[in-house]
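Worksheet for the structure shown next.
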Amino acid sequence: MEIGNRLKNARTEMGLTQEKVAEEIGVSRQSISNWENNRSYPDIVSVIKLSDLYSVSLDELLKEDKNMINHLDEATNTVASRRKLETLIEVGGYLMIWTFSLIAFWAFFGVAFWTGTVNDAAISYGYPILVFYIVLPVSAAVISAFVGARSSGGLKWLLAPVFGLTFLLADFMTFGVAWLSTFENVTISEIIAVCEFPRIIVGAGASAIGMCVGILIKRSKYKKLKKQTE
């Protein structure tokens with residue numbers, strides 16, 4: 001028996017109309033009709049909602065319907081690929097912002113270090129506050145929130161140390177390199193000395209906060225969806 005017949009039988013046994021089922025799971029009545037007549041297949045979210053609504057296990061709904069199982073496999077793979085692409089685009093956007101912040105430093109302030117005029121307030125306070133405490137942290141938090149709301153695996157937490165390292169590198173490749181360029185001889189100890197390691201905490205912390213917000217949003221949506229199907 002195909003899934004369409006199972007869905008129709010389950011709905012009939014529950015004494016529900018197609019209109020009522022459509023209202024309960026948030027789709028059109030035409031979608032319910034198409035599913036029951038095997039003209040199209042429901043997505044995985046709709047299958048789960050129907051399983052809960054009809055009090056029928058997923059195994060019973062999908063049993064021996066190879067076409068439906070293949071459909072869900074393809075849909076799942078498509079969603080997974082789309083999520084990876086979205087994550088790559090978001091991280092790429094952050095890297096563009098990160099790169100622009102470095103270019104902006106050297107374009108506007110780099111000459112000041114080479115000419116010895118480094119006491120400018122814009123260099124000492126304006127740029128660090130704008131970049132390291134506003135632009136980069138907000139970018140890291142927002143992107144991490146999107147990833148947290150979309151991903152379910154534990155690998156997403158690797159973003160936190162990655163963002164932390166980008167903060168450290170941004171500081172080193174701006175102020176660090178600028179100061180080192182004024183020395184005649186550069187030693188490893190001097191390189192380590194100019195590294196602002198607390199930047200890692202700021203970057204990782206911003207990412208972790210964003211990730212937590214994203215996870216909370218995801219859980220809130222799940223709870224809302226669960227209540228709608230009860």
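For region 23-54, the set of residues classified as closer than 16 Å to residue 5 by Cβ, touching a helix residue (DSSP H, G or I) at 6+ places or on another chain (Cβ under 8 Å) and part of a helix (DSSP H, G or I) consists of 32, 33, 35, 36, 47, 50, 51, 54, listed by residue number. I'd like the full set of residues that are β-branched (Val, Ile, Thr) and within 32 Å of the chain's Cα centre (by Cα), limited to region 150-201. Scanning region 150-201 gives 162, 166, 174, 200, 201. Here residue 24 meets each of (1) of a type outside the set (A, V, I, L, M, F, W, C); (2) under 24 Å from residue 223 (Cβ atoms); (3) open to solvent by 70 Å² or more (accessible area, probe 1.4 Å) with one exception, condition (3). Looking at region 92-118, which of its residues are modelled with pLDDT under 90, buried (at least 17 other Cβ atoms within 10 Å of the Cβ) and closer than 30 Å to residue 145 by Cβ? The one that is modelled with pLDDT under 90, buried (at least 17 other Cβ atoms within 10 Å of the Cβ) and closer than 30 Å to residue 145 by Cβ: 105.
Among the residues of region 47-63, is any of a type outside the set (Val, Ile, Thr), within 25 Å of the chain's Cα centre (by Cα) and modelled with pLDDT of 70 or more? Break it down stepwise before answering.
Initial filter on region 47-63 (of a type outside the set (Val, Ile, Thr)): 49-55, 57-63.
Still in the running and within 25 Å of the chain's Cα centre (by Cα): 49.
Checking which are modelled with pLDDT of 70 or more leaves us with 49.
Yes, region 47-63 contains a residue that is of a type outside the set (Val, Ile, Thr), within 25 Å of the chain's Cα centre (by Cα) and modelled with pLDDT of 70 or more.
Yes/no per residue for (1) surrounded by 14 or more Cβ atoms within 10 Å (Cβ to Cβ); (2) in contact (Cβ under 8 Å) with a residue 12 or more places away in the chain; (3) closer than 11 Å to residue 204 by Cβ; (4) of a type in the set (A, V, I, L, M, F, W, C):
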site: 143; (1), (2), (3), (4): yes, yes, no, yes
site: 156; (1), (2), (3), (4): yes, yes, no, no
site: 163; (1), (2), (3), (4): yes, yes, yes, yes
site: 183; (1), (2), (3), (4): no, no, no, yes
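The values are calculated or read from the model by the stated rules, or taken from the named source; none is laboratory data. Model, not experiment: these values are computed from the prediction. Because the Cβ atoms are built from the backbone with ideal geometry, glycine has one as well, and the counts that use them run over all protein chains shown. Accessible surface is based on the protein model in full, side chains and every heavy atom, while ligands, DNA and RNA are left aside. Shrake-Rupley method; radii C 1.70, N 1.55, O 1.52, S 1.80 Å.
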